[in-house]
Amino acid sequence: MPDLSLDLHPETPADHAAIERLHERAFGPGRFARTAFRLREGVEAYHSLCFTARVGTLLVGSIRLSPVEIGPGTACVLLGPITIDPAFQSKGIGGALMRRAMDQAKAEGHRLIMLVGDAPYYERFGFTVVPQGRLALPGPVDPRRLLVAELVPGAFEGVSGPVRGGLVAA
C-alpha cells in the first residue's frame with residue numbers, strides 16, 4: 001500500500017462505537033438477520049483475534065473472530081465480520097487484517113476457521129468451499145459461500161454436523 005500508512009492494532013473497548021458505525025455503513029440494518037450474525041449473537045469474540053486498521057487516527061477496518069462448535073465437540077473459529085470503510089476498499093486493508101488474524105489464530109493453537117463469504121476473494125487465504133450438506137447452520141446460507149480453512153493440515157477431516165456459536169465444553 002504505497003499510498004497509505006496503515007497501522008493494525010488489537011481492538012480495544014474504546015473502538016467499539018466506531019466499529020459499530022463502520023458495520024452499519026457497510027452492512028446496513030439487514031446484518032442482524034444474516035446467519036453468520038446469528039452464530040455470533042450472544043457469543044463474545046476472541047479478544048486476542050480482533051483487530052482494527054487505521055490510517056492516521058481514522059479507523060478504516062475491523063476484523064473479529066468468534067468461537068463456534070461443529071458437531072459434537074469440534075472447536076472452530078468463525079471469521080467475521082471483516083469490514084472495510086467503503087472509501088478505503090481495494091487498498092489491501094482487508095488482506096492485511098486477514099493475514100494478521102489468521103496468523104494470530106494459528107499461533108494461539110486454533111486449528112480451523114470458517115466463514116460465510118465470497119470464495120474467489122478468500123481462496124487466496126487458504127479457504128475452500130465446504131462440501132454441500134456437511135455442515136448445518138442455524139439459518140439459510142448459499143452453499144457456495146460457506147468456506148473453511150485449515151490452520152493445521154487435516155483439521156477438517158471427518159468434521160461435520162450442526163454449527164453452534166460458543167465454546168466447546170471441556
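Assorted remarks:
- Test: residue in segment 87-103 that is among the hydroxyl-bearing types (Ser, Thr, Tyr) and not in a loop (DSSP other than H, G, I, E, B): no
- Number of positions in segment 101-110 that are touching a helix residue (DSSP H, G or I) at 6+ places or on another chain (Cβ under 9 Å) and either closer than 12 Å to residue 50 by Cα or charged (D, E, K, R) (or both): 5
- Scope segment 150-170; condition part of a loop (DSSP other than H, G, I, E, B), open to solvent by 20 Å² or more (accessible area, probe 1.4 Å) and touching a Lys or Arg at 6+ places or on another chain (Cβ under 8 Å); matching residues: 152, 160
- Residue count for segment 86-127 under the criterion of being out of contact with any Leu (no Cβ under 7 Å at 6 or more places or on another chain), small (Gly, Ala, Ser) and buried (at least 17 other Cβ atoms within 10 Å of the Cβ): the result is 1.
- Single residue of 147, 151 found to be within 13 Å of residue 82 (Cβ to Cβ), in contact with a Leu (Cβ under 8 Å, 6 or more places away or on another chain) and at pLDDT 95 or above: 147
- Meets criteria (without any contact (Cβ under 8 Å) to a residue 40 or more places away in the chain and at negative phi) for residue 20: yes
- Subset of segment 29-84 that is in contact with a His (Cβ under 9 Å, 6 or more places away or on another chain) and not in a strand (DSSP E or B) - its residue that is modelled with the lowest pLDDT: 31
- Among the residues of segment 109-117, at least one is more than 13 Å from the chain's Cα centre (by Cα) and within 30 Å of residue 21 (Cβ to Cβ).
- Filtered residues of segment 50-85 (kept if small (Gly, Ala, Ser) and either in contact with an Asp or Glu (Cβ under 9 Å, 6 or more places away or on another chain) or open to solvent by less than 20 Å² (accessible area, probe 1.4 Å) (or both)): 53, 56, 61, 62, 66, 71, 75, 80
- Candidate set from segment 128-149 (those that are more than 19 Å from residue 50 (Cα to Cα) and under 14 Å from the mean Cα position of the chain (by Cα)); member that is surrounded by the fewest Cβ atoms within 10 Å (Cβ to Cβ): 145
The values are calculated or read from the model by the stated rules, or taken from the named source; none is laboratory data. These figures come from a predicted structure and were not determined experimentally. Ideal geometry is used to build each Cβ from the backbone, glycine not excepted, and the neighbour counts take in all protein chains shown. We work out accessible area using only protein heavy atoms, side chains counted, and drop any ligands, DNA or RNA first. Shrake-Rupley method; radii C 1.70, N 1.55, O 1.52, S 1.80 Å.
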